[in-house]
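What follows is a single structure, written as structure tokens, with notes after it.
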Amino acid sequence: MCRLLLCAKCIVQHNSIGPNSDAMLDRFNLGDELLPHLHRLLRTVCNTHWEVTLRSPPWNLTYKQASNLVWALCTDLQGTTGATLVMKPKFSILNSILKLLGITTLLFKIYMSFQQIKSVAGGSPFCHLTMVSQVPSSKRPPRSRLQLLPWPRTKVILSKQVRATLNLSQQEKAAQFKKDLDDMWWKIDEVTKTIAATHSKSMHCVETDLHLGHSRLQSRQSKINSWNTFCWKMSREKATTNNENAPSKRQVLPELVKDIQEEYCRLSVDAKQNIVEEFSEFKETKAISIHVSAHSRINNVTHTLKAVESKLNNLKSCTSVESILYTTCGTTDLPLRAISFATKGVEDFIGSVMHVDTQDLVSKMEGFLCRESEVCATKNHYERLSRICTAIHEIINCKL
């Protein structure tokens, strides 16, 4: 503690650190202008890093200069006379007591060791003096670090005017950031429209290529709002009551909002929930189905038949089972030709024994199925017409 007080005093006064450091500075012609920098080094850097710091910029000292200067600094900080002068009158009695206790403990250990040797050997203990002299010595504690305490940071207390100025500056920066962000999004929208118009692409396609569709899907709200559903219901009611030439969609929305706002505020919670349920049912009926093209249907049938043929070949290899497969299209809206498959034994049997042409059989089968489908469609159409005509005749008879 006394050593730290002395070092702090030297740092404040910017005097010399010690005679050894002054001698090293004079030896290497470094000058006294390095004393403030050395004081700062003692205050901010640990003693284990002094040599590395002195050899690096901005010091740029040589190995010899840095090692000798570090040794001089450590010697001056550890061997100052002021610390001994302060510690002697304060701890002289305590040091005498500790020395007396140490000598007493050592004599007691020596006496007990002599007694043990005498009891074991049965003779004079002086012959075993070498054993007694090997008393384990305590290890010296490691040298403590000499890094000084940093200067305390001053706490700045802001006044009311300064705090208001800082808040105003933060608000202006936030507003400017939001304005720049909005301008950037506006420029992106304009560029998207330009690219879509130039290359005959849709806005959705361009936004997807610009990686803007992912954030749009993330920010999409899927929860049904009661106010939107009420507007939807009132617009449907007005569309049914008015004529067909009445405006719709965005043109009628501002007037509709003004008219139904008071009526919406008078609704109860149960009524709003019923409107939301009604719109949910309507939304389910308007769900968009997946369009399946004829090309995808043909690919699906082809891949399925290839998988079936592979399974039949594997079955024959494992169990020697012979199989035959005929596939034809039963409708005229799918351009798929008939396909036949047979294993080796069945194919030879049909061609040599039964004398059946496979292609002719498949063609006749396809024609029969197409004719049956047309007959069933015609029959169903005639039956539907007869039922409708019968219902109309019954209504006319009841009215008459």
Go through the range 45-70 and give me each residue that's loosely packed, with under 15 Cβ neighbours inside 10 Å, in contact (Cβ under 8 Å) with a residue 60 or more places away in the chain and part of a loop (DSSP other than H, G, I, E, B).
Cys46
Thr198 fails exactly one of the following numbered conditions: (1) in contact with a helix residue (DSSP H, G or I) (Cβ under 7 Å, 6 or more places away or on another chain); (2) modelled with pLDDT of 85 or more; (3) surrounded by fewer than 10 Cβ atoms within 10 Å (Cβ to Cβ). What is the number of that condition?
(1)
If I ask for residues that are out of contact with any Ser or Thr (no Cβ under 9 Å at 6 or more places or on another chain) and under 11 Å from Leu69 (Cβ atoms), which ones from the range 29-52 would you list?
Leu30, Leu34, Trp50
For Met24, are the conditions met, namely being over 25 Å from Trp151 (Cα atoms) and at pLDDT 80 or above?
yes
Please determine whether any residue of the range 71-83 is over 14 Å from Pro19 (Cβ atoms), of a type in the set (S, T, N, Q) and part of a helix (DSSP H, G or I).
no
Name the pairs: first residue in the range 149-169 and within 30 Å of Val45 (Cβ to Cβ) and aromatic (Phe, Trp, Tyr), second residue at pLDDT below 90 and part of a helix (DSSP H, G or I), Cβ to Cβ under 8 Å, at least 6 apart or on different chains?
Trp151/Arg43
Counting only residues that are touching a residue at least 40 places away in the same chain (Cβ under 8 Å) and either surrounded by fewer than 10 Cβ atoms within 10 Å (Cβ to Cβ) or among the acidic types (Asp, Glu) (or both), the range 259-278 contains a total of 1
Restricting attention to the range 31-44, which residues are surrounded by 16 or more Cβ atoms within 10 Å (Cβ to Cβ) and in contact (Cβ under 8 Å) with a residue 24 or more places away in the chain?
Leu38, His39, Leu42
Looking for something loosely packed, with under 10 Cβ neighbours inside 10 Å, hydroxyl-bearing (Ser, Thr, Tyr) and assigned to a helix (DSSP H, G or I) - is there at least one such residue anywhere in the range 297-319?
yes
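The values are calculated or read from the model by the stated rules, or taken from the named source; none is laboratory data. Please read all numbers here as calculations on a predicted model, not as lab measurements. Every residue, glycine as well, gets a Cβ built from its backbone with ideal geometry; the counts of neighbours run over all protein chains shown.
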